[in-house]
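Input: a single structure, listed below in C-alpha cells.
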Amino acid sequence: MKTHQFVVVGGGLAGLSAAIEAKKRGIDVALISKVHPVRSHSGAAQGGINAALANAEGGKDDSPDRHAYDTIKGSDFLADQDAVKIMTDAAPGVIFRMEHAGCPFSRTPEGKIAQRPFGGAGYPRTCYGTDKTGHYLLQTLFEQAVKHNVTFYSEWFVTKLVVRDGRCQGVICFDLESGDFIPVGASATMFATGGSGRVYSTNTTNAHTSTGLGVSLAYWAGVPIKDFEFVQFHPTGLYPSSILMTEGCRGEGGYLINNKGERFMKNYVSEKIMELAPRDITSRAIQTEINQGRGFEDAYVHLDLRHLGEAKIMERLPGIRDLSMSFVNVDPIKEPIPVRPSQHYTMGGIDTNEKTETEIQGFYAAGECACASVHGANRLGGNSLLDTIVFGEIGGGVVSEYLPNAPSPAEKVMNDALAEEEVRFQSLSKGSGNENAYQLKNELSAVMLERVGIFRNKKDMEMACQSVRNLKARFEKILPIKTNKKFNYDFLWVTEIAGNLDAAQMVAEGAVAREESRGAHFRTDFPKRNDQEWLKHTICRYTPDGPQLSYKAVKLGLYAPEERKY
Ligand SMILES: Cc1cc2nc3c(=O)[nH]c(=O)nc-3n(C[C@H](O)[C@H](O)[C@H](O)COP(=O)(O)OP(=O)(O)OC[C@H]3O[C@@H](n4cnc5c(N)ncnc54)[C@H](O)[C@@H]3O)c2cc1C
C-alpha cells in the first residue's frame, strides 16, 4: 500500500491547483490521473476565463460584484450566492497568478490582458489566450506542479473511493501499465475528476475521458450528489462531430443564421444581446429553429464569421479555423460553419460547500465533478475554468489546515477494499452473460439525448428512467471482460460504463422529479420557473434500487430571485 497525507484524483486545472496549493504549505501530496495530466480535458478549453479586470473597451465599470450578479442571474438563481461571491472576488488574483506563472494571455494594444465579451455577461470580462486558453493554463499549472515536486501517478485509474468508519481513507487504483490494483491510503482525498459529458456521447463536446465515473464512485461510497439534472448544451458544437466552436466566436462578433438568412436570435432576446444570450437560451433558440424547419438539412444552423475578416479570425480564432477546416472542410474566412447544440457541461456534481468539503470526513471535491454550487441551473461561459482554479486552490488550503489532526488510513481497511476490487475484476472476467457493455453504452447515450436533452417532458423522461433501469439490469449479464494484465482497457471501459449508467440515472430521475423549468432544465410541460416549490437543490443518495432524492435550500443573500430577462 502507498500512503500520502493528501491524494488528489484528477490532473486537470482543479486537481493541479489543489495539489500545488497543498504542496506549497508543506503537505505530502500525490496526484493520480487516468491520463497524463496535460491530456486532461481542461486542455481543450478554448474561449477563456472570467475575471472583472476592467481592461477592455466598454468594460471599465466592471467589478467582482457585477460578475457575481451576472453569474447568479445566469444560474437562474439556483447558485449558492456565498460561493459565487468567493469565486468572483478571487478571480482577478487568479488571473494575475497565472500570468506571473507564465500563462501567455492575449493582450490589448497597450499590453494589458485582453478580454472578450461572453454570453450573459454585462461586460467584456473573459480573459483569453487566442482560442487555446485551457491548453495554456494547463501547461502553466503542470509546470508549477513539477516545480513544487508533486508526486504523480499517471495512467492510474481509480476504481474505488474507500469510505469506512465514517471517514474517507483513500482510493483503490488500477495501474494500467502493470494491471495491478494498488491501494493508496490518505488522510484526505480530493476528487477533481471532471465532467460527465460522455453520458451523451453521440452529441457532446466532451472528450472520452469525461465519463462521470468520479461522481459515481463518490455516489457509490455514500457521498450525496447535487443538482445532477442540470446538463448544459453548448449552442455551437460543430456538425456532425460536436467538436466545440467556442463562444469566443460570438464574443468576437460571429452571427447565428438560419436557412432564411436571418440572424434569428432577435426573435428570442433583445437586439442588444442577440448572439450573446446565455447558453441555455441560445441552445433552445437554435434547436427551435431546427425543429421548425429553419435549419439546414434539419440538423444545424450557420455560425457566420466571414464579416470578422481574415486578420481577426487568424489572430483571435486560429484554432477554430483549423478545426473547422480539418473536420468539415469549411474555411470560416470564406464560408459559415455548420453548428448545432451539443452536450457540454455538468452543472451538478459531488455536493460540497464553499470550502470543497463534502459530508464525508476527509473527502473533498473541486472542479467540474463538484457542485459548490456556483453555476446553479446554467453556467456562464468562462466561469468553469475560473471555478476549477479558485476552488482547487481553496481546497488545497482547507485540506492543509485539516491534516495536522487528521486520522491516518487503516491498512486493514485499505487491504479489504483492495480485495473487493480484485474480486470484482475476477467476477467480471468470469461472467457468463451475453450482453455487450459497449452496445449498452450506445443505447444509453441515445436514450439520454433523445429523452433527457434540451427540451424535456414527463412522458419522455419516465421512458428514459425505465430504459436506464433496463440497461442496468442487462449490464448485470455482460460478456466476460478480457483478462490481459497490461493496459486492460476492457476493464477500464466496463468500469466507466457502470459509472455512466448511474450518472445517467441521477440525471433522469432528478429531471423528471423537478416539475418546473430553470436554466438548462427546460420542461415543455412545466415551462415556467417555480420559485415557490423548486428554489432548492436536488440531492441524490445511492440506494441499490436507484437514487433516493431529497432537497436542500439554496443559499441566497445577495440578490433576490427575479425574472430572468436578456
Ligand atoms: C471543448 C471544451 C471547451 C471548453 N472551454 C471552456 C472555456 O473556454 N472556458 C471555461 O470556463 N470552461 C470551458 N470548458 C469547461 C472546462 O474546460 C472544464 O469544466 C474544466 O476544464 C474541467 O476541469 P477539471 O479540472 O474539473 O477536470 P478535467 O480537466 O476534465 O480533468 C479531469 C481529471 O480527472 C482524471 N480522472 C477522471 N476520472 C478518473 C479516475 N477514475 N481515475 C483517475 N483519474 C481520473 C482525468 O485523468 C483528468 O486528469 C470547456 C469544456 C469543453 C469540453
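Of the GluC sites (Glu not before Pro) found in the range 125-231, the ones in coil according to DSSP and having at most 11 other Cβ atoms within 10 Å of their Cβ are Glu177. A full extension of the chain between Arg164 and Lys528 corresponds to an added length of 126.7 nm, given 0.36 nm per residue minus the alpha carbon distance. Positive-end ranking of His148, Cys540, Val35 along the dipole of the chain, with charges on Cβ about the Cα centre, is headed by Val35. Excluding same-chain neighbours fewer than eight residues apart, the aspartates and glutamates reachable from Lys565 by a Cα-Cα span under 13 Å are Asp70, Asp76, Glu271, Asp280.
Under a model in which nothing but the beta-carbon of Lys, Arg (+1) and Asp, Glu (-1) is charged, the chain shows a dipole of about 340 debye around its Cα centre.
Overall, the range 234-342 carries a charge dipole of about 220 debye about its Cα centre when +1 sits on the Cβ of Lys and Arg and -1 on the Cβ of Asp and Glu, all other atoms neutral.
In sequence order, the range 34-49 has phi-based couplings of 6, 10, 4, x, 6, 9, 5, 5, 3, x, 8, 5, 10, x, x, 9 Hz under the Karplus curve 6.51 cos²θ - 1.76 cosθ + 1.60, θ = phi - 60°, and Gly or Pro positions carry x.
Taking Cα centre as origin and charging only the Cβ of basic (Lys, Arg, +1) and acidic (Asp, Glu, -1) residues, the dipole magnitude of the range 413-531 rounds to 300 debye. Remark: the Glu262-Ala299 segment gains 11.7 nm on full extension, using 0.36 nm per residue and subtracting the alpha carbon distance.
Pairs Lys23/Lys482; Lys34/Lys312; Lys60/Lys85; Lys266/Lys536; Lys34/Lys552; Lys441/Lys536: which exceed 28 Å Cα-Cα?
Long pairs (Cα-Cα over 28 Å): Lys23/Lys482; Lys34/Lys312; Lys266/Lys536; Lys34/Lys552; Lys441/Lys536.
The order of the peptides 91-101, 410-420, 15-25, 355-365 by mean Cβ neighbours within 10 Å, most packed first, is 15-25, 355-365, 91-101, 410-420. Loop-located GluC sites (Glu not before Pro) in the range 444-509 (DSSP state other than H, G, I, E, B) with a sparse environment of at most 13 neighbouring Cβ atoms within 10 Å: Glu476.
Separation of the alpha carbons by more than 18 angstrom is noted, of Lys226/Lys472; Lys73/Lys528; Lys2/Lys24, for Lys226/Lys472; Lys2/Lys24. With a Förster radius of 35 Å applied to the C-beta separation of Gln466 and Glu422, the computed FRET efficiency comes to 0.55.
In summary, the aspartates and glutamates within cross-link reach of Lys430, defined as a Cα separation below 20 angstrom excluding same-chain residues under 8 places away, comprise Asp180, Glu420, Glu421, Glu422, Glu476, Asp490, Glu496.
In terms of other Cβ atoms within 10 Å, Leu558, Leu385, Leu449 run from fewest to most in the order Leu558, Leu449, Leu385. Modelled this way, with points 7 Å down the Cα-to-C-beta line, the labels at Ala311 and Lys536 are 5.8 nm from one another. Cut-off 18 Å, label point 7 angstrom out along Cα-to-Cβ of Ser63: give me the residues of the range 532-566 whose amide nitrogen falls inside. So the set is 557-560. Per-residue extension of 0.36 nm, minus the Cα-Cα distance of Lys565 and Ala446, leaves a gain of 39.6 nm for this segment.
In this simple spin-label model, placing a label point 7 Å from the Cα along the Cα-to-Cβ direction at both Leu549 and Asp180 gives a separation of 4.6 nm. For the range 34-99, the relative contact order is 31 percent, taking Cα pairs closer than 8 Å that sit 6 or more residues apart in sequence and dividing their mean separation by the residue count. Restricting the chymotrypsin sites (Phe, Trp or Tyr not before Pro) of the range 444-529 to loop positions (DSSP other than H, G, I, E, B) with no more than 14 neighbouring Cβ atoms within 10 Å leaves Phe487.
None of the figures in this text is laboratory data; all of them are computed from the coordinates on show. If you're wondering where the values come from, they're calculated on a predicted model, not measured in any experiment. Glycine gets a Cβ as well: all are built from the backbone with ideal geometry, and neighbour counts include every protein chain shown.
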